[in-house]
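The values are calculated or read from the model by the stated rules, or taken from the named source; none is laboratory data. These figures come from a predicted structure and were not determined experimentally. Reconstructed Cβ throughout: ideal geometry from the backbone, glycine too, with neighbour counts over all protein chains shown. All accessible areas refer to the heavy atoms of the entire protein, side chains included, with ligands and DNA or RNA removed. Shrake-Rupley method; radii C 1.70, N 1.55, O 1.52, S 1.80 Å.
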Amino acid sequence: MKPSSIVWTRLAQAVAIAILAFNVYRAATCSITIDEAFTYNRFVRPAYSETLLYFDANQHVLYTLLAKATVGVFGVSEFTLRLPGVLGGALYLWVALALSRMIFGSRPMLVPALALLALNPLVLDYMSMARGYGAGLACWLGGLYLVAGWPPSPSPWQMRLLALALTASVGFNLIFIPPGLALVAWCAADTARQKGAWAGLLNHTVLPGIVGATLLLVLPMARAEPGSFYVGEKTLWKAVISISHASLLQGMHWLPARIRGWDDGIWNLANVLGWAAAACMIAGIPAGVHAMARARRVEANRVGVAVLAITWMVLAMLVAGHYIAQVPYPYTRTGIYWIPLLTLLALWLYERAATYTAARVAGCTLACAWLLLYALQIHPTYYSFFRGDAGTKHFVDVLRSLESGSRTLRLGVNWQLEQGFNFYRSKYGLNWIAPVERYAVEKPAEYYVLLPEDLPLIDKLRLQVVQRHPVSKAVLARPVQAASSP
Amino acid sequence: MKTSLYMLAGAVVTLSGAMAAGQLLLHALRIGLSRMEQRLFALVVGAGCWSAMVCLLAWMHLARKGVFVALAALLIVAAFLVRRKYSEPPTMPGLNAGMRWLFRVLFAFFLVLYFVYAAAPESGLFGNHLGRVKQVWEARGFPHAVAGITQPRQSAIEFPYLTAFSIGRHCSAALVHLALLAALALGMASYARRRGYGNAGAFAALMVFMSPLAGVDATMARTEAALACVLFFCYYAIELWSESRQRRMLIVAGALLVFAIAVGVSPSTGSVVQQADRPAMLLGNAIGWTVLGSTGQGFLGPVFMLAPLGLLALRLRTGRKLWLAAALSALWLIGSARLESALPIAVFVSLAMGLALMNSPGMLPLLVVAHAVLSLPQVAGTYSWPDSWRLQEWPLRAALRRLNEDAYLSARMFPAYGWARSIEQAAAKNELVFALAEPARAYCAARVIVAAESSGGRALHEMLETPLRTGLQAGEALRLSFSPQTADALRLVAEASSSTPLRIHELRLWQGEREVVREEGWRLRASVNPERAGDAFDNSYVTRWSTVTPAAQGDFIEVEFGSDKTIDAVTLEWPAGQSAESLEVWLSDGRHWLKTPVRMSRSPIAERRGIRLAAIFRLKQLGFRMLFVPNADPCAKDLSENSLVWRVTPVREAHEAIIYRLD
């Protein structure tokens, strides 16, 4: 191997480690978000019997079980609750690096490829949040990596490892059922010419996968109702837009209003991203056929063709599921697997076209621009989609410094913050704060935490602002009489 | 201690007697089986033979403990004398070591667990199997029938229970049922080993044996596990015949099929599934069947959610046979409409699951262990519906009789057990009691007929309500006049469908102004509810014949005189305002039925007095001496306030119910 190859690999590994460190930092310091707090309050904190017998779109079963273990061993904190997610993020980075190496080898493009796969704001957030999306994505992508690297006759252990990866991904979140099925279908198609391969796949992958997923999910799902699966979009186009907006605009809060043109440009870009994705998928067909015919065993082509086939199969499944069973289309995070799928597809197409200088230059330019957009959305102190929660931890610290705990406090908080305050109440053992109610922002209380939409209440309830949080724009306030009393 | 010994003795005598009978039969047929198969077949086939013998003894009113013991001893001695050595068949592929140990450990663990549950005082209420057993035992044979009341047919498995009950009482019968479940599990393992699928067989046997439904069912004196066992051995016998072509094996299979039919004829014993719900029950209620259960309804265990994987076994010949057997068992389920009847299906489906998963390393032990954990009573209680039918708390103290039996049963069978004890104290042995709610009949010596259990019982209940509900009384008389005619039979026919049932309290025939006197030899028929046709000819204010459901075109009631009668009018006493437009009179001259044009006239019937007395008189006429009325019944308040008018005397009050003596 050339010395330069080692440099690019080492650089990519350094980027991966840096991203992991960044994830660890965020997991330890970011204020808890509403979804994470709900996960803790509703699933992690209660007994197993209660946790496993309830299903909601927020219930990510395997994540709940792992978080129960980490919280049980290390105690309650934002980091311990997010630890399984961080570990999932580490796995994702490792797999993303491995897949990037399969496509580009140890060439300069390896580093941007890894960055494109890992720095998407949606993916980056869920690599450290206490939800099952990130870990599920890592497991599923791990399955893809296994399949892409399979020898012509995979061993039973490799097939069982694939079953484990897919079972884990579905256990982390049901959204990975379509891509998991597509991956298995691709395996079946890929190994169809091997004698006895289907039987091996059935016995070592399909059946263990079904058994594992059933054992993991049967109890929580037994009480699920159609209404439990409420997250989703009604049309495919809206699903595409939601994912592209989450990738390109979620973290652009800092954009000043005076450069609206830039903002509008990004909006327009997000709107056309769906067409770009479609173009990639269509352009991939001839590329895939060519790759299958000429260079089937080349690692990059194995990845590319697998991704292309899976992309089309997942799309078909989503459309069929929508029309046959009225399953909603993905909405931002529930379609998170599309991000690495389409990114890998685009990277593979670039690699196929990179023999042409013009294509190489255009591709590099596009990748750099894209990375710039991602970089502009990196926020170490909060999660973009949950910006309103960014101040919860700070306000709890303020309350702890203001109050001695000698009296019982009632808090009137915006419903979006209720779960977060109850999490911190539990974390710090703040029994002198009464349990925070969901819709009690207008009820009599000693302190109020208001989001921008609640600000008219300051005059209505005659409140005095104690502090404003610069990121979430939330306000900590208290009644005027209380403020004037000694 | 004495109770426990008797309990064990009852089960041992019954099972030994049955096994001996089976061994004699197998010896006579000279069928070659392995040692394990021979023992299992002897037990199951012998249970059928034993059942037939005990049934015969009951018919001869010889149902006595001494007779049963003597019969068992005779059979055991005979079996000992004719015993012979059975050779192992040439190929019996074994289990792998891990699965063998897993099977032994889990089978033994759950057997002990179930044994304790079965040894605790029997608290099975639904189905009243032991109630009927006790009635036969008290009468030392089949008790006489109550006129007009069709008693549910006795299941054949109740006769082995009778033997056990005669010696060790209730728990002894439950142990017999448990033994049949154990035989089923061992039989499944044995069958699969013979077919070369040892691991799959051990898996399937444990799946069924450890299932919460099988556990709760087999630890009570019920029928479902026994039915599953007999059906499976019938299938096993057919498979053995198919393998060896020993025609005598078909005799065994036939005997088992007859026994299975006789076991399965028992009445509905659980949540009765409504007709409209059956397709949903069969196709879509998988979660309820496997994970949650429902009120009073058991469940197979969450691992059975993987049952569709068993379809992969269709690629094997044995798998196809198993699915065919499962489909035939499902026919049984449709016929009986009981969810517990899913147990025989589960037997075949779990074997198919085992075949489908046997080549997937580690899956069978994983699933068996998961099933074992999820089937533990303490665990199953956490995820199923709170009032689902399953094993409750560990009854070790109750099983060892260190807990007061009355207190235990009162808590487990509230209020049915308390009612039964009250009836026991108020009524004499074999005295006929009409009950408007179901007490735990296995715990009282009186003969209790529950109103809701038969159409005749429901009619009697309605009869008791007649004085309280004007709508049930005859409010008008409809006279259908025609030219005098001589006929040997008369038929009233509904010529069109109606939205309400056709109800006739009294049907009178007239010749001029004189009523034609009813004679003993008149033959009464009806297209619907024929057993109640006599109620339209009994001169009682409180009885009536009805079509029960809305009258359909062609519904009729008919009287055949046996000789020619001249009549010119018919009067029908029935509820006021009942439609008569579609009603027609047909007369027979002995060869042809001829429609007769009629003139209709209606006249109101004055309110009758003494209806309450008439109702009680009718009950007494049927042989009832006591009336058991829960306070929630519509009749309860009036009976309590006007007991003198009813001519009943309250003799005991217990648990929101009153027991009356009919004066």
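Worth pointing out:
- Scattering curve values for the range A:331-414, log₁₀ I(q)/I(0), Debye with Cα scatterers, q = 0.21 Å⁻¹: -1.08
- Using a probe of 1.4 angstrom and keeping all protein chains present, the accessible surface of chain A works out to 42 square angstrom per residue.
- Alpha carbon centroid spacing (whole Å) that separates the range A:321-371 from the range A:177-212: 25
- Tensor-based shape of the protein assembly as shown (alpha-carbon gyration tensor, a/c under 1.5 rounded, otherwise prolate or oblate): prolate
- Look at the dipole of chain B built from charges on Cβ: of B:ALA420, B:TRP646, B:SER211, the Cα furthest out on the positive end belongs to B:SER211.
- Each Lys and Arg contributes +1 and each Asp and Glu -1, all at the Cβ; summed about the Cα centre of chain A, the dipole is approximately 860 debye.
- Across the cross-link table entries B:LYS65/B:LYS134; A:LYS393/A:LYS473; A:LYS427/A:LYS460; B:LYS565/B:LYS620, which are compared at the Cα atoms, the separations over 22 Å belong to A:LYS427/A:LYS460; B:LYS565/B:LYS620.
- For the peptides A:33-40, B:478-485, B:288-295, A:193-200, the ranking by mean Cβ contacts within 10 Å, running from highest to lowest, is A:33-40, B:288-295, B:478-485, A:193-200.
- Ratio Rg/Rh [Cα only; Rh per Kirkwood] for the range A:332-373: 1.07
- Projecting the Cα positions of B:TYR161, B:PRO308, B:SER579 onto the charge dipole of the protein assembly as shown (unit charges on Cβ atoms of Lys, Arg, Asp and Glu, taken about the Cα centre) puts B:PRO308 furthest along the positive direction.
- For chain B, relative contact order (Cα pairs under 8 Å, six or more residues apart, normalised by length) works out to 13 percent.
- Portion, in percent, of the accessible area of the range A:32-98 that falls on carbon or sulfur, probe 1.4 Å: 69
- Based on every Cα atom in the range A:4-128, Rg and the maximum pairwise Cα distance Dmax equal 17.0, 56 Å.
- Calculated Rg and Dmax of the range B:509-663 using C-alpha coordinates, Å: 19.6, 60
- When you count the other C-beta atoms within 10 angstrom of each residue and take the mean per peptide, A:66-77, A:128-139 line up highest first as A:128-139, A:66-77.
- Only Lys, Arg (+1) and Asp, Glu (-1) charged, at Cβ; the range B:1-140 dipole about Cα centre in debye: 280
- Computed in the context of the full set of protein chains, the accessible area of the range A:318-465 at 1.4 Å probe radius has 59% of its extent on carbon or sulfur.
- Here the range A:425-469 is treated as an ellipsoid with the same Cα gyration tensor; its semi-axes, largest first and in whole Å, are 21, 12, 10.
- Net charge dipole, the protein assembly as shown: roughly 3600 debye, given to the nearest 20, about the Cα centre with Cβ charges of +1 for Lys and Arg and -1 for Asp and Glu.
- At least 20 Å along the helix axis (C-alpha) and Kyte average at least 1.6, DSSP helices within chain B: B:65-81, B:97-119, B:248-264, B:342-357
- Spatial separation of Cα centroids for the range A:112-158 and the range B:285-311, in angstrom: 35
- Separation between Cα centres of the range B:160-210 and the range A:22-65, rounded to whole Å: 45
- In terms of its C-alpha gyration tensor, the range A:103-155 has an oblate overall shape, because the principal axis ratio a/c (a ≥ b ≥ c, square roots of the eigenvalues) is not below 1.5 and a/b does not outweigh b/c.
- Chains B and A together, accessible area buried on both sides, 1.4 angstrom probe, square angstrom: 1600
- Percent RCO, i.e. relative contact order, over chain A, from Cα pairs under 8 Å lying at least 6 residues apart: 18
- For the protein assembly as shown, calculated [θ]222 nm from helices alone, where every DSSP H run of n ≥ 4 adds -39500 (n - 2.57): -17500 deg cm²/dmol
- Put simply, the Cα atoms of the range A:259-416 extend 77, 43, 33 Å along their principal axes, the longest span coming first.
- Shielding by partners for peptide A:203-216, expressed as the average number of C-beta atoms from other protein chains within 10 Å of each residue's C-beta, is 5.
- Whether the range B:1-115 is rounded, prolate or oblate, judged on the alpha carbon gyration tensor where a/c under 1.5 counts as rounded: oblate
- B:VAL651 long-range amide H proximity, modeled H, under 5 Å: B:ILE659, B:TYR660, B:ARG661
- Fraction of alpha-carbon pairs over 39 Å apart in chain B - percent: 43
- Area accessible to solvent at B:ARG397, 1.4 Å probe radius, in Å²: 140
- At q = 0.10, 0.16, 0.17, 0.19 Å⁻¹ the log10 of I(q)/I(0) for the range B:113-226 amounts to -0.36, -0.74, -0.81, -0.93, computed by Debye summation with a single uniform scatterer per C-alpha, solvent ignored.
- Using the average count of surrounding beta-carbon atoms within 10 Å as a protection proxy, the listed peptides A:401-410, A:459-468 rank, highest first, as A:459-468, A:401-410.
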